[in-house]
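Scroll down for the structure; my scribbles are underneath it.
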Amino acid sequence: MQARLTPSTILMLTMPPLLWAGNAVVGRMMQGALPPMTMNFLRWTIAFALLLPLGGWALRRDSGMWQQWRRFALLGLFGIGAYNSLQYLALKTSSAINATLVGASMPVFMLALGALFFRTPVSARQVAGALLSILGVLTVLSRGEPRLLLALHLVPGDLLMLVATAIWAMYSWLLIRPIGAQKLRADWAAFMMAQLVFGLAWSGLFAGVEFAATDVHIRWSWRVLAALLYVGIGPAVIALRCWGAGVQRVGPNIAAFFSNLTPLFAALLSSALLGEPPHLYHALAFVLIVVGIVLSSRR
């Protein structure tokens, strides 16, 4: 699938990176105040409450969700339960800029998973672009010093973000697979609600394990409440809606290019809010990743 990019599609695919960059910055700001798994569970609880009046009919027995429960359980696990939990966990040791730059390797995972599991051919141009993107990610992981790669001095958060990125790539491919519940697919709110039903169960399970296995607690404040409202409305409902619609229009490989705007937005927001100014190696990594994806996404 590869449709022509229209202004509305470009806007639709630009909105998620902006909101996801804010999500990374807020997740970094909330370290010590909100446990990562619990933060993910609470954000999707807010999203569930917002979507219930719009897509609550998805919970009915005849909606098609229950007949396709395996598909929605996977979508809920990958897109809601696992990805953001791992991202918030990664932000404990990785900066918002680093996390989003490592996440910019997603097009590489898109190409690989598409070829391995969805029979999507990969061209030589796409391979060249993927190699440039990998080089950009390695630049981030090495902090601009190649000798660090030889010593394997990697921040745990960077590795967690790589795993999270692979999970999101699989989620994006599953979004465009045929599904029997066509009426549910046609209603964006109900389609998201069907994912949330299972995703909330997954994220609740992860949060329960977090409380049972670790000594964590929530430091409630107006700042924490504001952060939860932001991540529950913007990066959750609005971004997921725009991303799903954009992927439906142009396919995962082209949509993945826009995800690489996230590090740029994160660098600007981190500099303004966290006092984490970008370094020269961040700029180099971003250029490599963008050039790689432009090359791989050309017809």
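Within segment 250-264, how many residues are out of contact with any Ser or Thr (no Cβ under 8 Å at 6 or more places or on another chain) and modelled with pLDDT of 75 or more? Residues that pass the stated criteria total 2.
Of the residues Met37, Met15, Met29, which is in contact (Cβ under 8 Å) with a residue 40 or more places away in the chain, surrounded by 21 or more Cβ atoms within 10 Å (Cβ to Cβ) and of a type in the set (A, V, I, L, M)? None of the others qualify; the one that does is Met37. Whether any residue in segment 211-223 is within 19 Å of Trp44 (Cβ to Cβ), surrounded by fewer than 22 Cβ atoms within 10 Å (Cβ to Cβ), of a type in the set (Lys, Arg) and modelled with pLDDT under 95 is what I want to check. The answer is no; no qualifying residue exists. Summed over segment 174-199, residues that are at pLDDT 90 or above and within 16 Å of the chain's Cα centre (by Cα) total 4. Look at Ala58 and say whether it is modelled with pLDDT of 90 or more and surrounded by fewer than 17 Cβ atoms within 10 Å (Cβ to Cβ). Spelling it out, it is not the case that Ala58 is modelled with pLDDT of 90 or more and surrounded by fewer than 17 Cβ atoms within 10 Å (Cβ to Cβ). Considering segment 74-98, and only residues there that are within 21 Å of Ile238 (Cα to Cα) and small (Gly, Ala, Ser), the residue that is surrounded by the fewest Cβ atoms within 10 Å (Cβ to Cβ) turns out to be Ala82.
Taking the criterion of being at pLDDT below 90, in a helix (DSSP H, G or I) and of a type in the set (Phe, Trp, Tyr), would at least one residue in segment 91-111 satisfy it? For segment 91-111, residues at pLDDT below 90, in a helix (DSSP H, G or I) and of a type in the set (Phe, Trp, Tyr): present. Look at (1) touching a residue at least 12 places away in the same chain (Cβ under 8 Å); (2) farther than 22 Å from Leu268 by Cα; (3) of a type in the set (Lys, Arg) and you find that Lys92 fails only one, number (2). Gly234 meets the conditions (1) touching a residue at least 40 places away in the same chain (Cβ under 8 Å); (2) under 15 Å from Ser85 (Cα atoms); (3) of a type in the set (Gly, Ala, Ser) in every case but one. The failed one is (2). Is there a residue in segment 248-258 that is surrounded by 15 or more Cβ atoms within 10 Å (Cβ to Cβ) and basic (Lys, Arg)? Checked against the condition, which is being surrounded by 15 or more Cβ atoms within 10 Å (Cβ to Cβ) and basic (Lys, Arg), segment 248-258 yields at least one hit. Residue under question is Arg119, and the condition is that it be surrounded by 15 or more Cβ atoms within 10 Å (Cβ to Cβ), within 23 Å of Gly244 (Cβ to Cβ) and among the basic types (Lys, Arg); does it hold? When the stated conditions are applied, Arg119 does not pass them.
Conditions tested, residue by residue: (1) more than 22 Å from Asn253 (Cα to Cα); (2) of a type in the set (Asp, Glu); (3) modelled with pLDDT under 70.
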position	(1), (2), (3)
Ala124	no, no, no
Val127	no, no, no
Gly136	no, no, no
Thr139	yes, no, no
His153	yes, no, yes
Gly157	yes, no, no
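Checking each residue in segment 38-69 for being hydrophobic (A, V, I, L, M, F, W, C) and in a loop (DSSP other than H, G, I, E, B) picks out Met65, Trp66.
Checked against (1) within 18 Å of the chain's Cα centre (by Cα); (2) exposed (fewer than 14 other Cβ atoms within 10 Å of the Cβ), Phe206 meets all criteria but (2). With respect to (1) more than 24 Å from Leu196 (Cβ to Cβ); (2) in a helix (DSSP H, G or I), the lone exception for Phe72 is condition (1). Would you call Leu89 under 17 Å from Pro156 (Cα atoms) and not small (Gly, Ala, Ser)? Criteria met by Leu89.
The values are calculated or read from the model by the stated rules, or taken from the named source; none is laboratory data. Keep in mind it's a predicted model, so treat the numbers as computed, not measured. Cβ coordinates were reconstructed from backbone atoms using ideal geometry, including for glycine residues, and neighbour counts include every protein chain displayed.
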